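Have a look at the structure below before the remarks.
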Amino acid sequence: MSRPLAAFAFGLTLLLGGRAARAGEPDVFKNTTAGFEVTRPASWHYFTAEQNLENLKATQLNDEEFRARMLKYATDPLVVLAKFPEPFDDLNPSFKVTIKPIGQLQGMDPIAALAAQLSQFAKSFKEFVVVQPPTQAKVSGIESGYARFNCSQQIPDGRSFPVTSELWIVPRSDYFFLIGAGTRQDEKTGSRKEIDAILKTVKIAH
């Protein structure tokens, strides 16, 4: 069974499912409390909170202390999308959104926040290479931070997958959105263009 990239295990405060969609049709996930929406492509699937937690548990990291903290503080994601239904015997492209109190990021530039996170990831993931250092980006018209890195993700059966991970931090007044996406580096099972298309559907209340 594959495991969608689990490098985005941050605490959340909200979980509301999207409306039911008819088979083969896009579906707009909305959370009015968080002021967030994203369109799920017709061929993609929602992941449940339980599936997300199982994926986190299966993630093999170099730094076991970091992995333990990741599991301890991970709660329900706002929404998780995956290209294929599980079980899927390869890396399943994923798009995950979490929301977290601003806390120590209050007043911090999102680029600096991403740089600190990448420093921790470098100790925890094998074959870690920063492809795009933290830089400015816009998500739903909001000034945000963006970074991209490659790594190798190992699963319990011993196999590993070459992963490209993308991260966006979107700060708000007293909380921030963390958007994470994972695809194979060779894009055999899904492309970064697909991720970009999903990102472009994100709407965040200003």
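The values are calculated or read from the model by the stated rules, or taken from the named source; none is laboratory data. All of these numbers come straight from a predicted model, not from anything done at the bench. Counting neighbours? That spans all protein chains shown, and the Cβs are built from the backbone with ideal geometry, glycine included. Heads up: the accessible areas ignore ligands, DNA and RNA and are worked out on the full protein's heavy atoms, side chains in. Shrake-Rupley method; radii C 1.70, N 1.55, O 1.52, S 1.80 Å.
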Entries of K138/K188; K30/K123; K100/K200; K126/K193; K30/K126 with Cα pairs more than 29 Å apart: K30/K123; K30/K126
Once Lys and Arg are counted +1 and Asp and Glu -1 for all other residues with Cβ under 15 Å from that of I204, the total becomes +3
Amide hydrogen neighbours beyond the local backbone of F88, cut-off 5 Å, H modeled: S2
Considering only the other residues whose Cβ falls under 11 Å of the Cβ of L167, what net charge follows from Lys and Arg at +1 and Asp and Glu at -1? +1
Kindly state, to the nearest 0.05, the FRET efficiency for S160 paired with A112, given R0 = 30 Å and r defined as their beta-carbon distance. 0.45
Place the peptides 196-206, 77-87, 107-117 in order of packing, highest mean first, counting for every residue the other Cβ atoms within 10 Å and averaging per peptide. 77-87, 107-117, 196-206
Run the numbers for Q120 and D89: contour at 0.36 nm per residue of separation, minus the present Cα-Cα distance, in nm. 8.3 nm
Please go through segment 137-206 and write out the GluC sites (Glu not before Pro) that DSSP classes as loop and that have at most 14 other C-beta atoms within 10 Å. E187
So for the pair D174, N150, with labels modelled 7 Å out along Cα→Cβ, what separation do we get in nm? 4.3
Not counting ligands, DNA or RNA, and with a 1.4 Å probe, what is D174's accessible surface area in Å² rounded to the nearest 10? 100
Would you give the gap between the C-alpha center of segment 146-206 and the C-alpha center of segment 110-129, rounded to a whole Å? 14
